[in-house]
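The values are calculated or read from the model by the stated rules, or taken from the named source; none is laboratory data. This is a predicted model, so every value here is computed, not measured. Here the Cβ positions follow ideal geometry from the backbone for every residue, glycine too, while neighbour counts run over all protein chains shown. To get the accessible areas, we keep the full protein, side chains included, count just its heavy atoms, and leave off ligands, DNA and RNA. Shrake-Rupley method; radii C 1.70, N 1.55, O 1.52, S 1.80 Å.
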Amino acid sequence: MTDQEPTDRVAATQDSSHRSVRTIVAVVLVLAFAAAYLAVIAFYRTGFNESFAPPTPPRGGVAVVFAPTKVDPEARTASGDVLLFLSPDLTDSSGKSKVPLRLELFPALSKNSLDYAVGQIPSPVAVTLPTPGIVQQYPVDTYEVGFTARAATNAALGRGVEVPTQSSMFFQVPGWNLKDASTTQVSVSEATTVGSIARSGSTKVVAALMLILMVALAIIAVLVVQSSASGRMRLELNVASWITAMLFALLPIRGFLPGDPPIGSWIDILVFFWVEATIMVCVALAATGLLMRAREKRLSSKLDKPSK
């Protein structure tokens, strides 16, 4: 038996071990991406699964439904339509109102007093409500939404005659979920509905995945520079160019996060700025290594040059 045979067996064992590790890593990555994909699809579908069922107004009263169509986290508002449903006692055979109605909503940033004339079928009215919250907490930011509804007849003649009022919310905004919605009957003619708006699970999963990949890119850049510095990998200009390109590639990735979080969100403070700083240091080290290698070549060429 020659000395080469044990060496070949060791090399074959190491190669087999490396292939096994690569296979395990590949399987784990595929399973992780598949799980993330299925989770995003499932969470995103929840924003469309709910169907609208018209409420039943109280006898001789009205039912008010606020249906948001847009959530603006930076403006801290929720815009949508106010739907008014009348009990049969207040409508004629064609569904038109038999009495003049006034609906008051508060707090509302627009149209907090809505008037419905006699002979009118109540139509949706666009209304904007304030939603206090902190967008910089993306993607775990939440916004409180709520309104109080009060209805009366013949309000043009004074305070009017109060009518039984119910209120609720129908929420179906892509990328957002309504949590902990509840209604309190303040009085017969006054009802308050409140809830909490949060980003959907699909947004949170995608944001988390993007942040993990950003950190992974920073780690790869550090490993490349460290391998070049230790001599295990030859530092070439194309390697330094790749690291530099990665520095600028992260900017559009950050800008394409779902929900378009503003610069300065907590994900920037905790992850993105540090990833960018790490890659910038790697770019500086790679450039320094190239300059040092060029200087060494120049000095070596001078020493090898024959003297006259």
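Cβ separations smaller than 7 Å between residues 6+ apart or across chains give the following pairs from the range 271-288 residues that are of a type in the set (D, E, K, R) to residues that are open to solvent by less than 70 Å² (accessible area, probe 1.4 Å): GLU276/LEU247; GLU276/LEU250.
Taking the criterion of being hydrophobic (A, V, I, L, M, F, W, C), within 23 Å of ASP260 (Cα to Cα) and either modelled with pLDDT of 95 or more or part of a strand (DSSP E or B) (or both), the residues of the range 68-82 that qualify are VAL71, ALA78.
Picking from residues in the range 43-79 that are free of Cβ contacts under 8 Å to residues at least 60 places away in the same chain and under 15 Å from GLY175 (Cβ atoms), the one that is surrounded by the fewest Cβ atoms within 10 Å (Cβ to Cβ) is ASN49.
Hey, any hits in the range 205-213 for a residue that's surrounded by 21 or more Cβ atoms within 10 Å (Cβ to Cβ) and over 30 Å from GLN172 (Cα atoms)? Within the range 205-213 (the criterion being surrounded by 21 or more Cβ atoms within 10 Å (Cβ to Cβ) and over 30 Å from GLN172 (Cα atoms)), the answer is no, since none of the residues qualifies.
For every residue, the table says whether it meets (1) at pLDDT below 90; (2) among the aliphatic types (A, V, I, L, M); (3) open to solvent by 60 Å² or more (accessible area, probe 1.4 Å); (4) part of a helix (DSSP H, G or I).
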{"position": "LEU105", "(1), (2), (3), (4)": "no, yes, no, no"}
{"position": "LYS111", "(1), (2), (3), (4)": "yes, no, yes, no"}
{"position": "VAL118", "(1), (2), (3), (4)": "yes, yes, yes, no"}
{"position": "THR128", "(1), (2), (3), (4)": "no, no, no, no"}
{"position": "PRO139", "(1), (2), (3), (4)": "no, no, no, no"}
{"position": "VAL145", "(1), (2), (3), (4)": "no, yes, no, no"}
{"position": "ARG150", "(1), (2), (3), (4)": "no, no, no, no"}
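So, THR184, is that one open to solvent by 50 Å² or more (accessible area, probe 1.4 Å) and modelled with pLDDT of 90 or more or not? In short, yes.
If I filter the range 152-164 down to residues being open to solvent by less than 40 Å² (accessible area, probe 1.4 Å) and among the small types (Gly, Ala, Ser), which single residue comes out as modelled with the highest pLDDT? Ranking the candidates gives ALA152 first. Residues that are of a type outside the set (Val, Ile, Thr), open to solvent by less than 60 Å² (accessible area, probe 1.4 Å) and assigned to a helix (DSSP H, G or I): does the range 256-265 have at least one? Looking for residues that are of a type outside the set (Val, Ile, Thr), open to solvent by less than 60 Å² (accessible area, probe 1.4 Å) and assigned to a helix (DSSP H, G or I), one finds none in the range 256-265, hence no.
From the list VAL281, VAL239, VAL225, the one residue that fits, being at pLDDT 85 or above and surrounded by 15 or more Cβ atoms within 10 Å (Cβ to Cβ), is VAL225.
On the phi < 0 side of the Ramachandran plot, open to solvent by 50 Å² or more (accessible area, probe 1.4 Å), of a type in the set (A, V, I, L, M) and over 16 Å from the mean Cα position of the chain (by Cα), is that true of LEU299? Even if it seems obvious, please write down each step before you answer.
Working: on the phi < 0 side of the Ramachandran plot: yes; open to solvent by 50 Å² or more (accessible area, probe 1.4 Å): yes; of a type in the set (A, V, I, L, M): yes; over 16 Å from the mean Cα position of the chain (by Cα): yes.
Yes.
Scoring GLY95 on the criteria (1) crowded, with 16+ Cβ neighbours inside 10 Å; (2) touching a residue at least 12 places away in the same chain (Cβ under 8 Å) leaves a single failure, condition (1). Between ALA151, ALA108, the distinction of being more than 30 Å from ILE269 (Cβ to Cβ), free of Cβ contacts under 8 Å to residues at least 60 places away in the same chain and among the small types (Gly, Ala, Ser) belongs to ALA108 only.
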